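The values are calculated or read from the model by the stated rules, or taken from the named source; none is laboratory data. Because the structure is predicted, anything quoted here is derived from the model rather than measured. Don't worry about glycine lacking a Cβ; one is built from the backbone with ideal geometry, like all the others, and counts go over all protein chains shown.
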Amino acid sequence: MVLRFAVLSFSLLLLFACKPPAGDCEECEAEANISGKSLFMDQCLSCHGADGKLGNSGAKDLSISKLTPEEIKEVLSEGKGAMPPALELLADPNHMDSVVQFVQSLRK
Ligand code: HEC
């Protein structure tokens, strides 16, 4: 009996662990934001810092940046001054969008 309960709860766990396809529910959007943050921490932290204000290598303070999402995408696609293009983001439009969202979330 105990074993059966354990098996049942385990399969329930598996059921909930399965993720629906990205981009068509609120949970997935929340997830996109999280990955935007982790992508940023991975690729942008060294120059911009976790809050966007670090300013390493002359990086712009992202918390006071006024660029539109399109302009942010352009900077990320082509690079600007000392900032190299974000090639990994170019390869994946979902990643690009979540990082753009995260960059905007750094504004106060
Ligand atoms: C090698 C250091 C470096 C890395 C890594 C880097 N940046 Fe930058 N970033 C810069 C510099 C320098 C500028 C200023 C460019 C200029 O205006 O000449 C800049 C500017 C920007 C701007 C424009 C801000 C404005 O208002 O003009 C955005 C947006 C931005 N970076 C986002 C990012 C994101 C997102 C990442 C990660 C994918 C990233 N950067 C990675 C150095 C870097």
Scanning the range 47-96 for residues that are of a type in the set (S, T, Y) and in contact with a Cys (Cβ under 7 Å, 6 or more places away or on another chain) gives S57
Can you tell me how many residues in the range 63-78 are part of a loop (DSSP other than H, G, I, E, B) and under 14 Å from H48 (Cα atoms)?
-> 3
In the range 41-64, is there at least one residue being within 9 Å of the ligand (Cβ to nearest atom) and touching a Lys or Arg at 6+ places or on another chain (Cβ under 7 Å)?
-> yes
Go through the residues of the range 66-82 one by one and say whether even a single one is under 26 Å from E31 (Cβ atoms), buried (at least 16 other Cβ atoms within 10 Å of the Cβ) and in contact with an Asp or Glu (Cβ under 8 Å, 6 or more places away or on another chain).
-> no
The residue that is farthest from A30 (Cα to Cα), considering only those in the range 83-103 that are more than 8 Å from the ligand (Cβ to nearest atom) and buried (at least 16 other Cβ atoms within 10 Å of the Cβ), is M96
Quick one: is L8 at pLDDT below 95, part of a helix (DSSP H, G or I) and of a type outside the set (K, R)?
-> yes
State whether the residues of the range 41-52 include one that is in a loop (DSSP other than H, G, I, E, B) and touching a Leu at 6+ places or on another chain (Cβ under 8 Å).
-> yes
